[in-house]
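The values are calculated or read from the model by the stated rules, or taken from the named source; none is laboratory data. Since this is a predicted model, take the numbers as computed values, not measurements. All Cβ positions, glycine included, derive from the backbone under ideal geometry; neighbour counts span all protein chains shown. Side chains included, ligands, DNA and RNA excluded: accessible areas come from the protein's heavy atoms. Shrake-Rupley method; radii C 1.70, N 1.55, O 1.52, S 1.80 Å.
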Amino acid sequence: MGLVMGTFSMQSKQVSYHKDKADDDLEMTMVCHRPEGLDQLEAQTNFSKRELQVLYRGFKNECPSGVVNEDTFKQIYSQFFPHGDASTYAHYLFNAFDTGHTGSIKFEDFVTALSILLRGSVTEKLQWTFNLYDINRDGYINKEEMTDIVRAIYDMMGKYTYPVLKNDAPKQHVDAFFQKMDKNRDGVVTLDEFILSCQEDENIMRSLQLFENVI
């Protein structure tokens, strides 16, 4: 959870306030995809119009065409994890942002997800994270999906972060996850089980609050 929010909070901090609304509106007409109006996005998200202008400028600096494909997303995301291989985790994260399954992320997709991760309710944040882990979108998290996610996180963090990891470390992590969250012991974790277990964990609840006011 912190990995998702932390990375995009770093991106948002790199953007500075400058130029006015006329400049923003002009630049929006010059890209391949023109985002929805700022008034509409302000109504749909938990960001102010000024914050949306800042986020849009940072988004456009990285993606002048107005959309991000998966390869570009991986390149941007990997910059934050130079000692590991972030490509697999970035793939799963990209799919979570690409809610329409179009193969690209528009500015609207980006700020909608960011609004949930940074300013959403506890339930909204946990629902979004559950969808990230539910790779096949069947409404459950199984051990195979969780193992894939955990391995991707270990690969992303790299050997300098986890220098003495054993080969069975991901399995141990997943087993502990299911021991805690699979309340009825049916081999899968439902959304309700996931939310309940996370709400019972003080560390997880603290992590949800870390980036609430980063921009």
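Of all residues in segment 68-98, which are touching a strand residue (DSSP E or B) at 6+ places or on another chain (Cβ under 8 Å), free of Cβ contacts under 8 Å to residues at least 40 places away in the same chain and not in a helix (DSSP H, G or I)?
Asn69, Asp98
Here's the yes/no breakdown for (1) assigned to a loop (DSSP other than H, G, I, E, B); (2) in contact with a Leu (Cβ under 8 Å, 6 or more places away or on another chain); (3) among the polar types (S, T, N, Q); (4) open to solvent by less than 30 Å² (accessible area, probe 1.4 Å):
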site: Ile105; (1), (2), (3), (4): no, no, no, yes
site: Ser115; (1), (2), (3), (4): no, no, yes, yes
site: Phe130; (1), (2), (3), (4): no, yes, no, yes
site: Asn136; (1), (2), (3), (4): yes, no, yes, no
site: Met146; (1), (2), (3), (4): no, no, no, yes
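Results for (1) open to solvent by 30 Å² or more (accessible area, probe 1.4 Å); (2) out of contact with any Pro (no Cβ under 9 Å at 6 or more places or on another chain); (3) not in a loop (DSSP other than H, G, I, E, B), shown as yes or no for each residue.
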| position | (1), (2), (3) |
| --- | --- |
| Gln172 | yes, yes, yes |
| Asp175 | yes, yes, yes |
| Phe178 | no, yes, yes |
| Lys183 | yes, yes, no |
| Asp186 | yes, yes, no |
| Val189 | no, yes, yes |
| Asp192 | yes, yes, yes |
| Leu196 | yes, yes, yes |
| Met205 | yes, yes, yes |
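Out of (1) open to solvent by less than 50 Å² (accessible area, probe 1.4 Å); (2) more than 25 Å from Gly158 (Cβ to Cβ); (3) of a type outside the set (Lys, Arg); (4) not in a helix (DSSP H, G or I), the odd one out for Pro64 is which?
Here Pro64 clears every test but (1).
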